[in-house]
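Below: one structure, written as structure tokens.
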Amino acid sequence: MTLSYYPGCTLKTKAKNLEDSAIASMAVLGTDLVELPRWNCCGTVYSFAGDEELHQLAPVRNLIRVKEMGSDKVATLCSFCYNTLKRADLLVKNNPAKMQTINTFMEEEIDYEGDVEVVHLLEVLRDDIGWDAIAEKVQMPLKGLKVAPYYGCTLLRPQEIAIDDVERPSIMHDLLKTIGCDVVDFPYATECCGSYQVISNPEFVSQRAWDILSSAVRRKADAIALTCPLCDANLDLTQKDLIQKRSDFNGLPVFYFSQLLALALGLDPEVCRFELNYVDPRPLLESKGLLGK
């Protein structure tokens, strides 16, 4: 199976550990992620402005690229990219007048007609491949690794674009169980990490990170798994300051879900790019006998 794939900006720089592990994992699962040609930034966040057509040009242009590939479905890895593309698509589908205005702005592009399905890779794993098929490909179950799944905001809010139940999501729980992890529930799983407040109010984000991480630690989690590069920055990189400020905190590894999937599928740990994780997860994995090759 081939699937059109939108990477977004961060996956080409600071989140190569998300992209590389995901592409390698999907190949093992029989799915070739084909990157969109000439893609541009998704727009970063969905605009809340009433007169928002100009802000939607970036995401809609990417959806046009999907059509140019002869496809009607595109997968994302970054949760922010998913949220922005999905909401832009719904906006124009539900408002033909706005769609016409956007198409008029982009007169040199083919018209977008609202006929592309935007999905997150977790949905592909659940709905197109299936947990049973993934379980059959697992070469090294991650037994004994206690992982707290962290969803954050953008996969679940607003409700009309949510990939799972807004209040009690299970999609990442199910994936982690499928690959052998011990799943740790914790009450901050769907709380906001602080998002872009890290720019204007870093102390607030530091406190949010502490609330989330310490909650997982209290429930005996060995690590957190997530999907979003911004959540990863706020929960992983922020630990540098937390470790300095709190003598009782030694750090908590933060994985992308795709890194854990790649390990369980028996791929070389090199594809996981663990050197890009701030809190090095390799000592934890070694202690559990899970580094494989």
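The values are calculated or read from the model by the stated rules, or taken from the named source; none is laboratory data. Quantities reported herein were computed from a predicted structural model and do not represent experimental measurements. Note that we place each Cβ from the backbone using ideal geometry, even for glycine, and neighbour counts take in every protein chain shown. With ligands, DNA and RNA removed, areas are computed over all heavy atoms of the protein, side chains included. Shrake-Rupley method; radii C 1.70, N 1.55, O 1.52, S 1.80 Å.
A few notes on this one:
- Among the residues of the range 20-69, those identified as of a type outside the set (Asp, Glu), outside any loop (DSSP other than H, G, I, E, B) and either touching a Pro at 6+ places or on another chain (Cβ under 7 Å) or closer than 30 Å to Thr178 by Cα (or both) are Ser21, Ala22, Ile23, Ala24, Ser25, Met26, Ala27, Val28, Leu33, Val34, Arg65.
- Flag for Ser215 being polar (S, T, N, Q), open to solvent by less than 10 Å² (accessible area, probe 1.4 Å) and not in a strand (DSSP E or B): yes
- Filter result (open to solvent by 30 Å² or more (accessible area, probe 1.4 Å), under 24 Å from Pro253 (Cα atoms) and out of contact with any Cys (no Cβ under 7 Å at 6 or more places or on another chain)) within the range 145-177: Lys146, Arg168, Ser170, Asp174, Lys177
- Qualifying position, being open to solvent by 30 Å² or more (accessible area, probe 1.4 Å) and modelled with pLDDT under 95, among Arg282, Arg246, Arg273: Arg246
- Restricting the range 70-89 to residues that are under 13 Å from the mean Cα position of the chain (by Cα) and part of a strand (DSSP E or B), the residue that is nearest to Cys9 (Cα to Cα): Thr76
- Looking only at the range 176-205, residues that are in contact with a helix residue (DSSP H, G or I) (Cβ under 6 Å, 6 or more places away or on another chain) and part of a helix (DSSP H, G or I) come to 5 in all.
- Yes/no for Lys12 being open to solvent by 20 Å² or more (accessible area, probe 1.4 Å), within 21 Å of Ala162 (Cα to Cα), among the basic types (Lys, Arg) and without any contact (Cβ under 8 Å) to a residue 24 or more places away in the chain: no
- Among the residues of the range 249-270, none is identified as open to solvent by 20 Å² or more (accessible area, probe 1.4 Å), touching a residue at least 40 places away in the same chain (Cβ under 8 Å) and within 21 Å of Lys220 (Cβ to Cβ).
Residues are listed down the side, and each one gets a yes or a no for (1) part of a strand (DSSP E or B); (2) in the same structural domain as Pro229 (by TED's automatic domain parsing); (3) free of Cβ contacts under 8 Å to residues at least 24 places away in the same chain:
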position	(1), (2), (3)
Gly114	no, no, no
Asp132	no, no, yes
Tyr151	no, yes, no
Thr154	no, yes, no
Met172	no, yes, no
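- Tallying residues that are over 19 Å from the mean Cα position of the chain (by Cα) and in a helix (DSSP H, G or I) within the range 218-248 yields 8.
- Verdict on Asn95 being outside the structural domain of Phe257 (by TED's automatic domain parsing) and modelled with pLDDT under 95: yes
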